[in-house]
Each structure stands twice: as C-alpha cells, then as structure tokens.
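Asker: What follows is a single structure, and I will ask about it in a moment.
The values are calculated or read from the model by the stated rules, or taken from the named source; none is laboratory data. It should be emphasised that the depicted structure is a prediction, and the values quoted were computed from it without experimental measurement. Just so you know, the surface numbers come from the protein's heavy atoms only, side chains and all, with ligands and any DNA or RNA stripped out. Shrake-Rupley method; radii C 1.70, N 1.55, O 1.52, S 1.80 Å.
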Amino acid sequence: MQDIQRRILLQWEAQDRAKSYELELGNDPEFKKLMITKRLSGTSFNVDLTPGAYYYRIRAFDAVGRGGKWTPVQELNLNARP
C-alpha cells in the first residue's frame, strides 16, 4: 500500500523589515539531512508530505541579505488517513 501524500500549508507571522524568509524542513530536529531549504518572499509555503514526523524552522532576511536568528524548531506529525 502506497503512503498518501497530504498538502500542508506552513504559515508564519511577518517580521518587521524582513524582505525574505528561509525555510528548512527535515526529518530530524538537528536538520542534518534537509528535505527542503527554500528562500521565500512571503509568509507561507505549501508542501506535499507523507505520514510521519517532520521538523521545520524559519528565519528572516533584511534588505541587505543579513539573516536573523532561526525560530525555535517546530515539530509536525502527520498521521495516516483511516
């Protein structure tokens, strides 16, 4: 039986003076093996994931490209559909 992918919308609050954001998504909270690393201009991102545990974090970049601190690591657990 094939795992069913689910479309997940990740959203975060806009930061003052942020011109872009960087998202990292992986299977471990240490981000040793990234699944996605993406630079984004907005405050949301859609991703298709199979059931399992995932971790993500986000940081903002200012107009001259300086990156801010990463957010605390967020855990996302997707259960299989019945």
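Asker: What fraction, in whole percent, of alpha-carbon pairs in the chain exceed 19 Å separation?
Answerer: Every Cα pair in the chain considered, those over 19 Å come to 40 percent.
Asker: How high is the relative contact order of the stretch 1-74? Use alpha-carbon pairs under 8 Å, at least six apart in sequence, and give a whole percent.
Answerer: 36
Asker: Here's something else I'd like to know. Within the accessible area of the chain, what % is carbon and sulfur when the probe is 1.4 Å and the other protein chains stay in place?
Answerer: 44
Asker: How much area per residue is accessible in the chain when the probe is 1.4 Å and only protein heavy atoms are counted (Å²)?
Answerer: Accessible area per residue: 73 Å².
Asker: Let me ask another. Give the ranking of Glu24, Glu13 by solvent-accessible surface, highest area first, calculated with a 1.4 Å probe.
Answerer: Sorted by accessible area, descending: Glu13, Glu24.
Asker: Order the following by accessible area, largest value first: Leu40, Leu34. Probe radius 1.4 Å; ligands, DNA and RNA are ignored.
Answerer: Leu34, Leu40
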